[in-house]
Amino acid sequence: MEQSEYNAMCLEQVDNDGVTFEVNCPVCGKKTQEHHFELAHSGCVNAHSSTNCSSCGYHVCDVDGCKRCEN
Ligand SMILES: [Zn+2]
Ligand SMILES: [Zn+2]
């Protein structure tokens, strides 16, 4: 998928899937994306964010029970 198509899709789905910001990876310094989204937990909605770097594999998020953070 083209990057521009992906960005357009994110903008269209901002209410459902959150928003994505371009950031620099703290590990390798390459451009990566920080994703902010909301998850519903037992009746209340909580805001979360995650960063995934496709260049070096860096990952961080604040989602409880995230499989990638546990590893
Ligand atoms: Zn990186
Ligand atoms: Zn995680």
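Taking the fewest neighbouring Cβ atoms within 10 Å as the starting point, the ordered list for LYS31, LYS67 is LYS67, LYS31. Computed over the stretch 18-71, relative contact order equals 25 percent, with contacts defined as Cα pairs under 8 Å that lie 6+ residues apart.
Quick note: the coordinates plus some simple rules give every number you see, no bench work behind them. The structure displayed is predicted, hence computed values, not measured ones. Note: ideal-geometry Cβ built from the backbone for every residue, glycine included; neighbour counts use all protein chains shown.
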